[in-house]
Amino acid sequence: EPEVTQTPSHQVTQMGQEVILRCVPISNHLYFYWYRQILGQKVEFLVSFYNNEISEKSEIFDDQFSVERPDGSNFTLKIRSTKLEDSAMYFCASSPYRGNGNTIYFGEGSWLTVV
Amino acid sequence: QKEVEQNSGPLSVPEGAIASLNCTYSDRGSQSFFWYRQYSGKSPELIMFIYSNGDKEDGRFTAQLNKASQYVSLLIRDSQPSDSATYLCAVNDNTDKLIFGTGTRLQVFP
């Protein structure tokens, strides 16, 4: 079964450092997402991406965050200057369709710890 | 602010019993409703979705939707210890995002 893969599975970084989380969505999917889940809290939408541009973003997705699809296969989330409160599990997801939640596939997540 | 509310639990049920999980949502424009299972440290896994009022059954799982009351539920029949997990309710209004509740932790004891 095709799957969304994410790397790294776990990263520890110092406050103020830049972090790039990588995702390889399912190959025929067109819509890409990042969600995050702070430990013990709800899964929160960060951003959606389609046709090489952001289609929607949440209030969490401020100027320190950016997304990119640099080479047609990877989908990356960059956090420019990490803060302690960025510590969370970050989930990448992809879907062949827009706004159809039953076709969204989540990756296994990248756990980011900011110290 | 669109909200999805769930009781955090834990909900403890004996093996073989029916587990009943509930969720309410604030946005009347919500059109699609989902139940995800999440094991600790893992990603959400879709187990049921429902779009129309009424019941939808899939194996041991039944999702129930009442749009007038803005209420979604999940019933798990013949609960097994392997069902022990956090169950996330999520809604979508056909925009790009899913809005999740905080989840209900289910414990099934032998």
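The values are calculated or read from the model by the stated rules, or taken from the named source; none is laboratory data. The shown structure was predicted, so the numbers you read here are calculated from the model rather than taken from an experiment. Quick reminder, even Gly has a Cβ in these numbers, built from the backbone with ideal geometry, and neighbours come from all protein chains shown.
Rundown of residues vs (1) out of contact with any strand residue (DSSP E or B) (no Cβ under 9 Å at 6 or more places or on another chain); (2) over 30 Å from A:HIS10 (Cβ atoms); (3) of a type outside the set (S, T, N, Q), yes/no style:
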site: B:SER32; (1), (2), (3): no, yes, no
site: B:PRO44; (1), (2), (3): no, no, yes
site: B:ILE50; (1), (2), (3): no, yes, yes
site: B:ASP58; (1), (2), (3): no, yes, yes
site: B:PHE61; (1), (2), (3): no, yes, yes
site: B:TYR71; (1), (2), (3): no, yes, yes
Practice prompt. Test A:TYR50 against the criterion of being within 10 Å of another protein chain (Cβ to nearest Cβ), farther than 25 Å from B:SER40 by Cα, surrounded by 11 or more Cβ atoms within 10 Å (Cβ to Cβ) and hydroxyl-bearing (Ser, Thr, Tyr), and give yes or no.
Written response: yes
Discussion item. Criterion first (closer than 30 Å to B:PRO110 by Cα, surrounded by fewer than 16 Cβ atoms within 10 Å (Cβ to Cβ) and modelled with pLDDT of 95 or more) does B:ILE76 satisfy it?
Written reply: no
Discussion item. I'm trying to understand the selection: among the residues of region B:61-96, which are in contact with a Lys or Arg (Cβ under 9 Å, 6 or more places away or on another chain) and of a type in the set (A, V, I, L, M, F, W, C)?
Written reply: B:PHE61, B:ALA63, B:LEU65, B:LEU75, B:ILE76, B:ALA85, B:LEU88, B:VAL91
Worksheet item: Before we move on, is B:ASN22 among the polar types (S, T, N, Q), at pLDDT 95 or above and farther than 26 Å from A:ILE54 by Cα?
Response: yes
Item to complete: Pick out, from region A:44-109, the strands (runs of 3 or more DSSP E) lying fully within it that include 3 or more residues that are in contact (Cβ under 8 Å) with a residue 60 or more places away in the chain.
Response: A:88-95
Item to complete: Considering each of A:PHE106, A:PHE32 in turn, give the residue that is in contact with a Cys (Cβ under 8 Å, 6 or more places away or on another chain) and more than 9 Å from chain B (Cβ to nearest Cβ).
Response: A:PHE32
Practice prompt. Could you tell me whether region B:39-55 includes any residue that is away from chain A (no Cβ under 12 Å), surrounded by fewer than 14 Cβ atoms within 10 Å (Cβ to Cβ) and under 14 Å from the mean Cα position of the chain (by Cα)?
Written response: yes
